[in-house]
Structure formats: structure tokens, C-alpha cells
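Notes for the one structure printed next.
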Amino acid sequence: MGHPSAIATLLCQLGLSVAIQWLGLTESGSGVAWNESHHCRLLAGLVPDQFQLCRRNLEVMPSIVQAARHTKSVCQKTFADMRWNCSSIRRAPSFGPDLLKGTRESAFVYALAAAAVSHSIAQACTSGELPLCSCGSVPSEVPGPDFRWGGCGDNLRYGLQLGTAFADSPLKSSKLGTQGLKAMNLHNNAAGRQVLSDSLDTKCKCHGVSGSCSVKTCWKGLPNLDEIASDLKSKYLAAIRVTHRLIGPRKQLVPKEMDVRPVKETDLVYLINSPDYCMPNQQLGSLGTQDRQCNKTSVSSNSCNLMCCGRGYNTYTEEVVERCHCKYHWCCYVVCKKCRRKVERYVCK
Ligand SMILES: *[C@@H]1O[C@H](CO)[C@@H](O)[C@H](O)[C@H]1NC(C)=O
Ligand SMILES: *[C@@H]1O[C@H](CO)[C@@H](O)[C@H](O)[C@H]1NC(C)=O
Ligand SMILES: *[C@@H]1O[C@H](CO)[C@@H](O)[C@H](O)[C@H]1NC(C)=O
């Protein structure tokens, strides 16, 4: 330590990691009452603006902790069938190169995390957990002939307002990290929130005699985060590689390849190509796919051919125990037997 370039590298890494460091709140923030402002110090590395937001809005912190937890689990679930399976997100608040650099994978994680905070706050408003917000306002569109607006819609506006302030502030205030990377992360945060906004849907409940649905009450509600993540995974697969270039008076993100269409609001963008994640490589943040399970009959990303990168696979049989021959007993329980069944598993060499 002490060598200028070593310090520069360290500062650079800190700067790069800071924007989604709050995902580490799942470790430090669970079990905290969040009723005293010094609790905000629990998350080392909150940027000053986030720290202020925490102090002024202690009541939203449980929603933010929940968003961090959901982001981590939903990301891993959504990418379970891919070579890069998001397992490195568990290391939050410290990350590896796969999420520190301007990769396609970090584009996805930023977008999902930004969507998750707003989602979590919007739904906390609805469930009455937050003193400063409640149900979303009644939609301005005229209701259909067979329903009326009612119920309690998700307060997307409040979720977006506070969620944006929280998720974007590390990128707006921090002097660390390159301009290009910050622009990329800001774009992907906004894209995640746009996908969230577009997912707001009309949900209804029937009333009327014996479920005849002669009267319907409807409101605007958000789907669960898995659905947002699945939309974002499609965007991840179609993500556009960009560069941060001077266009007129200011720098903008423009496609690196000349023949690609302009970047849309809901596109995910990235700056550097990712490795193929086939072999372990610490420098690149690749864990490799050795010992990953693959599917012999699938033709998609979890097929043995794609998952194992052509290295082949080992087969082994595993015995699974299942409930079977279930019988219903009056009244009111079910008794099942245990059956053993052999299944073949395939694991990458
Ligand atoms: C915060 O919550 C804890 C645990 O519920 C309680 O012991 C403490 O008195 C509370 N502090 C304030 C300021 O309400
Ligand atoms: C994700 O990939 C890593 C590295 O290949 C592996 O160790 C881990 O078990 C995988 N996780 C799941 C849930 O498959
Ligand atoms: C493997 O893939 C096939 C085809 O997509 C699917 O029907 C099957 O359930 C999968 N098997 C496992 C063990 O996931």
C-alpha cells in the first residue's frame, strides 16, 4: 500500500462497487428495528445522499432491505439455467469483476435492483406499512362499462420517487468511477424502472351474487418481481453494447456498432463484453461451469451442450423420495406414502 497506483486502483474499486452496495443490506439490515437514525450507520458505504435519505425516511428502510433480499434471490432464480447464474450477488456488499465492470450482467443487476426498490416501496404503501403514503391515486382513464375503480392500487408514483432517489444517488453524487460507467448504470437503473412502470396492470375483484361477477372493482397493481426479472432477462439477452461519446455539447451513450438502432429507454446497455463464463477466471469474474447440472433433453441455455461448453458431462443416478398414493380421509386430512424413484442427473465435466 502507499503506492499511488495501488491507491488509485483501490479508490477505483470502491467507486465502482458503491452504487449497488446497498444489496448488502440483507446481511446487515435484517433484524434492525429502523426506528433510530443511528441505524443508518449500519450500512458502511452509504453515500451521503443515501445516508440522509435513510435518516429522513427511516420507515422505508425495511422495504429497501426487502428489495435487496428479493433482488438477490430473484436474480439467482432467473439465471439458474444460465452459465452466469448470479451466484456472485451473494457476496454483496463486495462484488467481483462480473458486477463491478460495465458488463451485460451488471446491466441486468442494476436494472433489477432499481426496479425492486421502487416495487417494494410501492407495495409497502398499499399494505399500509408507510405513514407517508397509501394507495395509489385513482387512475385517470375512464373505467370500462363493467367495472369501477376501487380497492387499493399500488402507489407506483411514490415508489418511483423514493426508489429513484435511493438507487440513483450513488451515481449522481459520487466522484469515483468513470463517467461512462456511471452513465451506463444510470441508464440501466432507469430502464429497470421503466419496465416496472410498463408492468402496472389492471387487476379486478368480482362481487355479486354467488360469484356472478355482475359488479367488478378494479385497481392498478404490479406483478411480482419474478415477472419483472423475466422481462429484464429478455432485455439482457438483447442488450446493446455502447460507448460514451461526445455528441454535440455533451457525452451520450451510443451503440458501438454503427448499424445498430438507437438506444431506447427500456434497452439494457453495457460497455464491455463478458467472458463466456465457461472456465474459471478470477480476473474476469467467471466461476466456470464445472459441476453444474445440465439438462440432456433441453435445447436452451441449460442443455448439456451449452452449459458444459462442449466439455461433456458425467451421469449419475440419484434416488428421490416423493409423496405418492395420497388418500383423502374424512375429515380433513391427507395421508401419503413415500415412494422412491431413481432419476438420472447430468453434471458438467
Ligand atoms: C426502537 O425499537 C426497539 C426495539 O423494538 C426499542 O427497544 C427502542 O426503544 C425503540 N427506540 C425508539 C426511539 O423508539
Ligand atoms: C451457480 O454457479 C456456481 C459456479 O458454477 C455453482 O457453484 C453454483 O452451485 C451454481 N448455483 C446454482 C443454484 O446452480
Ligand atoms: C429438461 O428439459 C426438458 C425439455 O425442456 C424438460 O421437459 C424437463 O423437465 C427438464 N428436466 C429437468 C430435470 O429439469
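The values are calculated or read from the model by the stated rules, or taken from the named source; none is laboratory data. These figures come from a predicted structure and were not determined experimentally. Quick reminder, even Gly has a Cβ in these numbers, built from the backbone with ideal geometry, and neighbours come from all protein chains shown. Accessible surface is based on the protein model in full, side chains and every heavy atom, while ligands, DNA and RNA are left aside. Shrake-Rupley method; radii C 1.70, N 1.55, O 1.52, S 1.80 Å.
Summary of computed values
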| item | result |
| --- | --- |
| Condition broken by Ser134, with the remaining ones in (1) open to solvent by 70 Å² or more (accessible area, probe 1.4 Å); (2) free of Cβ contacts under 8 Å to residues at least 60 places away in the same chain satisfied | (1) |
| Top-ranked residue of the range 34-48 - restricted to ones that are open to solvent by less than 80 Å² (accessible area, probe 1.4 Å) and at pLDDT 85 or above, ranked as farthest from ligand 1 (Cβ to nearest atom) | Cys40 |
| Matching residues in the range 271-286 - criterion: being open to solvent by 20 Å² or more (accessible area, probe 1.4 Å) and either within 16 Å of ligand 3 (Cβ to nearest atom) or within 20 Å of Lys233 (Cα to Cα) (or both) | Leu271, Ile272, Asn273, Ser274, Pro275, Asp276 |
| Checking Cys218 against (1) crowded, with 16+ Cβ neighbours inside 10 Å; (2) under 30 Å from Cys135 (Cβ atoms); (3) in the same structural domain as Asp98 (by TED's automatic domain parsing), the condition it does not meet | (3) |
| Test for Ser210: is it at pLDDT below 90 and in a helix (DSSP H, G or I) | yes |
| Residue among Asp291, Asp259, Asp267, Asp276 that alone is touching a Cys at 6+ places or on another chain (Cβ under 8 Å), closer than 30 Å to Ala183 by Cβ and assigned to a loop (DSSP other than H, G, I, E, B) | Asp276 |
| From Lys296, Lys338, Lys327, Lys342, residue being outside the structural domain of Tyr110 (by TED's automatic domain parsing), in contact (Cβ under 8 Å) with a residue 40 or more places away in the chain, open to solvent by 70 Å² or more (accessible area, probe 1.4 Å) and over 26 Å from the mean Cα position of the chain (by Cα) | Lys296 |
